[in-house]
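The values are calculated or read from the model by the stated rules, or taken from the named source; none is laboratory data. Please read these numbers as outputs of a predicted model, since none were measured by experiment. All Cβ positions, glycine included, derive from the backbone under ideal geometry; neighbour counts span all protein chains shown.
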Amino acid sequence: MSASDRPLASAALFDTAIGTCAIAWGASGVFRFALPDGDPESTRAYILRRHRTVDIREADPTPEIAEVITRIRAHLNGDLDDLQWIPLDMAALNDFDRAVYAVTRAIAPGHTLNYGAVANRIGAPHGAQAVGQSLGRNPIPLIVPCHRVLAADNALTGFSAPGGLTTKQRLLEIERTPGFGEPTLF
């Protein structure tokens, strides 16, 4: 397939309370999301990177994506939304990642699960490490809220999105999540 034959997808950058985010979408839904990465140009470079066999171009948001952007901005300003209504395109992902992301996406703002609990819910009781690896590959952070998955002792670990653990902590604070980062008594 030559470059001119590859299908096109669209992407847009937008400002939020935490910095410049970006979103990429195609006909089936959102397939990539970027949290702020130091500066807008780094975020732009990430979001426009070719996705499998799809080329991505910067474009004005469709009305549906404009609504997604509006609700993400509101969420990051503290008007919380579970964002589960946003259509996602996860066709390029493997079955394990899709299962992990489905469980993770069901975690409401202000709540958390640990890696082992996610593994149990997908039928992989000893798969906490594999869940962590899957979440480290998450191409749609915030919408697939991997920041809501913590270590067994509620420690903030394993956030590979831009900003690392600082961003994870900030997102949990915005969502008014109690008890994260605090050791459990039992």
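Residues that are of a type in the set (D, E, K, R) and in a loop (DSSP other than H, G, I, E, B): does region 131-142 have at least one?
Among the residues of region 131-142, at least one is of a type in the set (D, E, K, R) and in a loop (DSSP other than H, G, I, E, B), which makes the answer yes.
Give the number of residues within region 11-38 that are surrounded by fewer than 17 Cβ atoms within 10 Å (Cβ to Cβ) and modelled with pLDDT under 90.
Of the residues in region 11-38, 1 are surrounded by fewer than 17 Cβ atoms within 10 Å (Cβ to Cβ) and modelled with pLDDT under 90.
Against the definition (of a type in the set (S, T, N, Q), modelled with pLDDT under 95 and not assigned by TED's automatic domain parsing to the domain that holds residue 166), how does residue 43 come out, yes or no?
The answer is yes for residue 43.
Taking region 105-145 on its own, how many of its residues are hydroxyl-bearing (Ser, Thr, Tyr) and under 18 Å from residue 68 (Cβ atoms)?
So the count comes out to 0.
Would it be correct to say that residue 159 is modelled with pLDDT under 95, closer than 30 Å to residue 27 by Cα and out of contact with any Phe, Trp or Tyr (no Cβ under 9 Å at 6 or more places or on another chain)?
In short, yes.
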